[in-house]
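Every number in this text was worked out from the coordinates using simple rules, so none of it is lab data. Keep in mind that this is a model prediction, so the values were computed, not measured. Cβ placement follows ideal geometry from the backbone for every residue including glycine, while neighbour counts extend to all protein chains displayed.
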Amino acid sequence: MNPTMKKIIIANWKMNPATPKEALRIFSVIHKETKSIKNIDVIFTPPFVFLPLLKQAKLGAQDVFFEKSGAFTGEISALQLKAYGITHVIVGHSERRAMGETEEIVQKKLKTVLESGLKAILCIGENERNREEAFPVIMRHELHSALLKIKKSALRNLIVAYEPIWAIGTGHAETPEHAFEITILIRRDLYKIAGRSIASKIPIIYGGSVASKNAVSFIKDGGMDGLLVGGASLRAREFVKIVKGSSEVQK
Ligand code: PGA
């Protein structure tokens, strides 16, 4: 964990909730309770249609297309996101990779996001933990592959989210101690790729069954610079506890 860095907590709502009314309700509860917290950046990544609704939020998108404009039915560009005041974009979430997003697509999306001056939250993580020696290889391969064509200077806008796929939505989170070991591997690779001064400022965050009972420990013992929260970010009171607990971790 970089002690000088402001922590980041992302509320990834995925394809939820069903109505704008419910989206506003969840947001209002969270915003009211957390708006005075200054040492955490809370970023909401609701479905695209709800982005304009959450006017007081710091906003991120769950995805983006890599072309600038044109005949790409159903897609949304980085420039369009910027025009709505969106600052962050999730790239390469495992749920998108499972729907067919290849490493090449992740590469292109990451490049587009970073070159547009938006912050990219690049998700990497292994599918299973059967063979202890295999998983760092997979995770590091995803990291290297995604960063292949990115200029060093653009990496200032990178955030790396370590999300073991087996931990997402299962209630079985990684242990903070193990997550800590993984951040060391990621940080070491980032140093090699980006050089010390840039790499030391790239936040590394954890995602996968984060809840109020484990959030603080990921920051404190897991050395995380933040959290990517799925299911628990839709339960307003639970998410408030995650943000408040994390904000109280002493540097
Ligand atoms: P989860 O999702 O918190 O529901 O496990 C995390 C994510 O997919 O980003």
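The figures follow:
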item: Residue match in the range 11-26 (condition: assigned to a helix (DSSP H, G or I), surrounded by 19 or more Cβ atoms within 10 Å (Cβ to Cβ), under 20 Å from the mean Cα position of the chain (by Cα) and touching a residue at least 60 places away in the same chain (Cβ under 8 Å)); result: yes
item: Yes/no for S200 being away from the ligand (no atom under 15 Å from the Cβ), hydroxyl-bearing (S, T, Y) and either touching a residue at least 40 places away in the same chain (Cβ under 8 Å) or farther than 21 Å from K119 by Cβ (or both); result: yes
item: Members of the range 138-192 found to be acidic (D, E) and within 16 Å of V106 (Cα to Cα), listed by number; result: E142, E163
item: All helices (runs of 4 or more DSSP H) inside the range 46-130 with 3 or more residues being within 23 Å of K152 (Cβ to Cβ); result: 103-115
item: Subset of the range 1-50 (residues that are within 17 Å of K119 (Cβ to Cβ), of a type outside the set (V, I, T) and more than 15 Å from the ligand (Cβ to nearest atom)); result: N2, M5, K6, K7, D41
item: The range 121-162 - residue that is of a type in the set (V, I, T) and within 16 Å of the ligand (Cβ to nearest atom) and, of those, surrounded by the most Cβ atoms within 10 Å (Cβ to Cβ); result: I121
item: Residue pairs meeting the criteria (Cβ under 7 Å; at least 6 apart or on separate chains; first within 11 Å of the ligand (Cβ to nearest atom), in the range 218-236; second among the acidic types (D, E)); result: L228/E163; A232/E238
item: Entirely in the range 134-251, the helices (runs of 4 or more DSSP H) that have 3 or more residues that are under 30 Å from E33 (Cα atoms); result: 176-194, 215-220, 236-247
item: Filter result (charged (D, E, K, R) and within 11 Å of the ligand (Cβ to nearest atom)) within the range 163-181; result: E163, E174
item: Test set (1) in contact (Cβ under 8 Å) with a residue 60 or more places away in the chain; (2) more than 16 Å from the ligand (Cβ to nearest atom); (3) not basic (K, R) - T102 fails condition number; result: (1)
